[in-house]
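Trainee: Can you read through this structure? Questions will come right after.
Each reported figure results from applying straightforward, stated rules to the coordinates on display, with no laboratory input. Not measured: the values here are computed from a predicted model. Please note: Cβ atoms are built from the backbone with ideal geometry, for glycine as well, and neighbour counts cover all protein chains shown.
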């Protein structure tokens with residue numbers, strides 16, 4: 001440990017969990033179960049002002065009846081906390097309530113708001129710099145998810161557009177678009193949900209890079225496992241995680257069927273450039289719009305890990321371990337809520353695997369010295 005790491009504002013623990021969403025809380029729960037003491041043995045650092053992870057920032061109209069899925073955290077039932085008849089409750093209210101109860105019930109050492117700025121290698125320990133002081137740890141479980149990294153693809157002319165551009169992350173209500181022509185870009189679940197909602201109050205056009213993959217059959221464990229297996233294979237080979245929707249498909253719900261009947265889901269191919277007043281396709285045809293809503297997904301929030309040089313030349317991170325959470329070239333580091341564990345179901349299993357493997361690694365390391 002260096003002299004600078006022994007300063008009064010530096011706290012030494014065995015494990016730092018970064019992020020208190022589903023994956024982070026699951027990891028913290030299992031660290032406790034596997035004998036790591038809260039505060040002295042591990043802490044959870046969360047940049048938000050309150051519990052709820054990314055859920056607390058979702059648009060108000062996203063209710064428990066329309067959300068893609070909220071899975072129970074280990075050892076606690078979501079329904080027991082929010083009730084079984086809460087379908088119309090906004091997810092941004094219900095999930096934070098559930099997470100807050102969970103943190104208190106299992107006495108998880110969540111520190112907030114704490115923003116991790118950078119993680120560096122200091123030999124036998126990792127140095128975690130934050131806006132609230134410095135931590136050193138023998139290992140980390142990174143559970144920062146994707147919400148802080150909205151992705152907007154670049155198209156020629158993007159800066160010329162005189163209308164409004166926003167991302168899914170910025171969306172609040174369809175009412176703000178009344179009287180405007182909204183172009184919805186993206187082929188994922190959020191794009192379809194917002195397209196349906198906005199089209200009820202104003203004119204919309206939908207454009208995607210490829211034909212949407214619709215799923216008419218009931219979602220099954222086999223479909224879920226196929227999606228996870230595909231992404232897991234990619235990260236084990238050091239490739240960037242791919243799109244799960246391309247495997248699972250878009251569910252055809254009653255709301256989607258109604259949107260089809262209204263003619264809302266007549267998808268257009270992606271445009272080639274953005275003009276001052278809208279978009280243009282390769283054949284020269286143009287469309288004037290007032291708003292471009294980018295439902296183009298997110299990228300993993302891993303910038304704070306850049307000094308560790310984890311990425312391969314292609315941009316991916318090679319993961320190993322039972323559920324592909326452990327960084328291959330540094331077993332002290334686990335990524336959960338990334339790749340195959342980027343779902344509410346996968347996050348629990350990944351949290352358990354990461355906690356178990358990291359505890360085993362640190363115990364073996366201690367016995368070897």
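Trainee: At what distance in nm do the modelled label points of residue 160 and residue 9 sit from each other, each positioned 7 Å from its Cα along Cα→Cβ?
Mentor: About 4.8 nm, to one decimal.
Trainee: For the range 68-213, what Kirkwood radius comes out of the mean inverse Cα-Cα distance, in Å?
Mentor: 19.7 Å
Trainee: Can you sort 300, 76 by how many other beta carbons sit within 10 Å, fewest first?
Mentor: Listing 300, 76 from fewest to most nearby Cβ atoms yields 76, 300.
Trainee: Further question on the same structure: Calculate for the chain the 222 nm mean residue ellipticity that helices alone would give, adding -39,500 (n - 2.57) per DSSP H run of length 4 or more and normalising by residue count, nearest 500 deg cm²/dmol.
Mentor: About -8000 deg cm²/dmol.
Trainee: Can you give me the pair-distance distribution of the range 232-369, C-alpha pairs, 5 Å bins, whole percents?
Mentor: 2, 8, 13, 15, 13, 11, 10, 10, 8, 5, 3, 2, 1, 0
Trainee: Still on this structure, I have one more. Relative to the compact globular guide of 2.2 N^0.38 Å, what is the alpha carbon radius of gyration of the range 7-59, as a ratio?
Mentor: It is 1.27.
Trainee: So if each residue of separation counts as 0.36 nm, and I subtract the Cα-Cα distance between residue 216 and residue 365, what length gain in nm does that give?
Mentor: Stretched out fully, the residue 216 to residue 365 stretch lengthens by 48.6 nm.
Trainee: Could you please rank 92, 27, placing first whichever residue has the fewest other Cβ atoms within 10 Å of its Cβ?
Mentor: The most exposed by this proxy come first: 92, 27.
Trainee: Same structure, new question: Tally the DSSP beta bridges in the chain and give the antiparallel ones as a percent, rounded to 5.
Mentor: 40 percent
Trainee: Among 14, 46, 175, which one shows the biggest mean-square fluctuation in a GNM of the chain, springs joining Cα atoms closer than 10 Å?
Mentor: With Cα springs under 10 Å in the chain, the top fluctuation among 14, 46, 175 is at 175.
Trainee: Label points 7 Å out from Cα along the Cβ direction at residue 311 and residue 260: separation in nm?
Mentor: With each label placed 7 Å out from Cα toward Cβ, I get 4.0 nm.
Trainee: With everything on Cα atoms, drop me the angle between helix 189-198 and the longest principal axis of the chain, reported from 0 to 90° to the nearest 10.
Mentor: Value to nearest ten degrees: 40.
Trainee: Something else now. Does anyone have the angle between helix 221-236 and the longest principal axis of the chain? Alpha-carbon axes, 0 to 90°, nearest 10?
Mentor: 60 degrees
Trainee: Would you mind ranking 120, 295 by Cβ crowding within 10 Å, fewest neighbours first?
Mentor: Ordered by Cβ neighbours within 10 Å, fewest first: 120, 295.
Trainee: Among 318, 93, 275, which one moves the most in a GNM of the chain with springs linking Cα atoms closer than 10 Å?
Mentor: Maximum fluctuation in the GNM of the chain, among the listed residues, is at 275.
Trainee: Further question on the same structure: Taking the Cα atoms only, what angle lies between the long axis of helix 344-368 and the longest principal axis of the chain, rounded to 10 degrees?
Mentor: For 344-368 against the chain, the angle is about 20 degrees.
Trainee: Arrange the peptides 257-269, 133-145, 32-44, 177-189 so that the one whose residues have, on average, the most other Cβ atoms within 10 Å appears first.
Mentor: 133-145, 177-189, 32-44, 257-269
Trainee: Using the beta-carbon distance between residue 170 and residue 299 and R0 = 22 Å, what value does 1/(1 + (r/R0)^6) give for FRET efficiency, to the nearest 0.05?
Mentor: The formula returns an efficiency of 0.85 here.
Trainee: Can I ask one more? Using only the Cα atoms of the range 305-369, what do you get for the radius of gyration and for Dmax, in Å?
Mentor: Radius of gyration, then largest Cα-Cα span, for the range 305-369: 12.4, 38 Å.
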